[in-house]
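Single-structure report; data block below.
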Amino acid sequence: MKRVLITFACILATLQVAAQEHLAFKGEPIDGEVFSFVQKLNKLGFKSVQKTDDGYYLEGLFSGHNSMLLVESSLISNTAHTVYVMHEVEEDWATLKRDYYVLKKGLTLKYGNPIQSKEEFRSPYKEGDGYAYMAFKGGHADWQCRFDAKVGIIDLYIREQSYGELNVILKYEDSANVKKAVQELTSDL
């Protein structure tokens, strides 16, 4: 009986993993035609802002922060493959760093330890010197980590958007659909 229960549990676990073929953003698989995916995000409370050559921009609350989303898709089939979440700009390094580490902790709890992580200032800058924004501008600071979600990759990082403006960015990238986008792009070459 014990052997039957263990076998059954293994089958259920395998089916659950097989059923999840795409990375999810806020519970929605990053898959399908991009406009349909954007409509699902609208239902989750994100307001469509504009469509550009880069993709669809939306705004709304993410992890308690006003955020801008960018949804990218493949060029030929318009299959959604990547969602960027850009928190609002922070002017205070301590707040920015705290937001980064809160998200990192949540991602670690959900996906396990990051597969890559780098949080450092390089000479001539150092933590607490009051020049964090200058360090990022000059390329002397890295705050980034990467999580393997099995069906995709999630990157978390701090970037300078324009002079003196830093924000936390999350990038959810579905592996299957990124591969599909590359195949579509290179199929005729």
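The values are calculated or read from the model by the stated rules, or taken from the named source; none is laboratory data. The model shown is predicted, which means the values in this text are computed figures rather than measured ones. Every residue, glycine among them, receives a Cβ derived from its backbone with ideal geometry; neighbour counts consider all protein chains shown. Heavy atoms of the whole protein, side chains included, go into the accessibility calculation; ligands, DNA and RNA do not. Shrake-Rupley method; radii C 1.70, N 1.55, O 1.52, S 1.80 Å.
A few notes on this one:
- Qualifying residue in the range 162-179 (condition: assigned to a helix (DSSP H, G or I) and open to solvent by 80 Å² or more (accessible area, probe 1.4 Å)): yes
- Leading residue by the ranking (farthest from Ser74 (Cα to Cα)) among those in the range 163-185 that are at pLDDT below 95 and touching a Phe, Trp or Tyr at 6+ places or on another chain (Cβ under 8 Å): Gly164
- Residue count for the range 137-161 under the criterion of being small (Gly, Ala, Ser), surrounded by 17 or more Cβ atoms within 10 Å (Cβ to Cβ) and either in contact with a Phe, Trp or Tyr (Cβ under 6 Å, 6 or more places away or on another chain) or part of a loop (DSSP other than H, G, I, E, B) (or both): the result is 2.
- Qualifying position, being out of contact with any helix residue (DSSP H, G or I) (no Cβ under 9 Å at 6 or more places or on another chain), surrounded by 19 or more Cβ atoms within 10 Å (Cβ to Cβ) and of a type in the set (A, V, I, L, M, F, W, C), among Leu69, Leu107, Leu58, Leu44: Leu107
- Meets criteria (farther than 21 Å from Gln144 by Cβ and either at pLDDT 95 or above or surrounded by fewer than 18 Cβ atoms within 10 Å (Cβ to Cβ) (or both)) for Ala94: no
- Hey, Tyr125 surrounded by 13 or more Cβ atoms within 10 Å (Cβ to Cβ) and out of contact with any His (no Cβ under 7 Å at 6 or more places or on another chain) or not: no
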